[in-house]
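Chemist: If you scroll down you'll find the structure; I have some questions about it.
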Amino acid sequence: MLASPAAPPARMADWLFRASRYLEQMSGVCAAEVQKLYHDPFELFTRAAQPVIWLLLFGEAMAQVRGLATGNMSYIDFISAGILTQSVLFVAIFYGIAAIWERDLGILHRYLVSPAARSALVIGKALSAGIRGLSQAVVVYILAGLLAVAVNLQPQHLALMVAFIVVGAGVFATFSLIVACLVKTRERFMGIGQVVTMPLFFASNAIYPLSIMPAWLKTVARLNPLTYEVDAVRALMLRGGTSSFGIGADFAILAAVFAVLVVIAARLYGRMGN
């Protein structure tokens, strides 16, 4: 029996409806999370202190150390991109604790009984972490300008920066959510978060180049998603900056890691309320 000519358009309309519903669910969760920041903007000021301290104290001190092969750029230029990604990492990596609070307050149950897809909930929360990460990026850009860092403000570079910051924050926020789903208590989560955060940061190219690392640490750094985010951010943020792996490869790796983590987090998130 021949299929009706109206069948393909009907399937397309159904697909578009499902896609629009998914985007609506995802954006709804993201908007709810961002609204929390709107009602409590003090968090932005407290988090802004971190990149200021790192750039002004650590950056200026390490700039006096000779032997750090940072290519044709000054150490302040080199580390500014690393501090930007560090700020995004620190915002995102403790994002899972919000899920534990939501479970304790009963908000998680309301999410889980809604018709929203679990992956839409996870991605919505990851996107909100990206928006918080963008606020940190603005602080670092302003501070870098005051320190005479050779910041690249070309629109296409800024647009790509936004994409990398959002995806990078999404990677670590989703990883954080997975940890929260597994440990389920604030005390355990904070302990694991503190153990994981610094190795992620120091086992990357954020504050020193891969070339000066011992072979074993260089291998670890290449397995670290933060390395690829820093690589792309450094190329896009600085005038004359270059990518060691290629911006396309950096984005593909981050996107692939994000997709895998979303699948895992979506499966675990539904069981967190048990």
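Chemist: Below 8 Å, C-alpha to C-alpha, sequence gap of six or more: please give me the relative contact order for the chain in percent. Write down the numbers at each step before the final one.
Modeler: Working: 337 pairs, mean separation 70.4, N = 274.
Reported as a whole number, the value is 26 percent.
Chemist: Separate question: Can you give the extra length, in nm with one decimal, that the chain gains between S211 and W101 once fully stretched, where that is 0.36 nm per residue apart less the Cα-Cα distance?
Modeler: That works out to 35.4 nm of additional length.
Chemist: While we're here: Mind listing the long-range amide H neighbours of L238? Cut-off is under 5 Å, sequence gap 5 or more, other chains count too, H placed in the peptide plane at 1.01 Å from N.
Modeler: The answer is N152.
Chemist: Given the Cα-Cα distance of A148 and M198 and 0.36 nm per residue of separation, how much length would full extension add, in nm? Let's see the in-between values first.
Modeler: On the way: separation 50, 0.36 × 50 = 18.00 nm, distance 2.78 nm.
Between A148 and M198, full extension yields 15.2 nm more.
Chemist: When the Kirkwood radius is taken over all Cα pairs of the stretch 173-274, what Stokes-Einstein diffusion coefficient follows at 10 °C and 1.306 mPa s, in µm²/s?
Modeler: The calculation lands on 105 µm²/s.
Chemist: Compute the normalised compactness of the stretch 9-269: alpha-carbon radius of gyration over 2.2 N^0.38 Å, N being the residue count.
Modeler: Compactness ratio reported: 1.04.
Chemist: Between A252, V122, A159, whose Cα lies farthest towards the positive end of the dipole of the stretch 9-269 when Lys and Arg beta carbons carry +1 and Asp and Glu beta carbons carry -1, centred on the Cα centre?
Modeler: My answer, from the dipole projection, is V122.
Chemist: Sticking with this structure for a sec: Quick check on the exposure proxy: order K184, K36 from fewest to most C-beta atoms within 10 angstrom.
Modeler: Fewest-to-most Cβ neighbours within 10 Å comes out as K36, K184.
Chemist: So, in Å, what gap is there between the alpha-carbon centers of the stretch 69-141 and the stretch 145-168?
Modeler: If we compute the Cα centre of each part, the gap is 17 Å.
Coordinate-derived values only; no laboratory data. Note that the structure is a prediction, hence the values are computed from the model and not measured. No Cβ is skipped: glycine too gets one built from the backbone with ideal geometry, and neighbour counts run over all protein chains shown.
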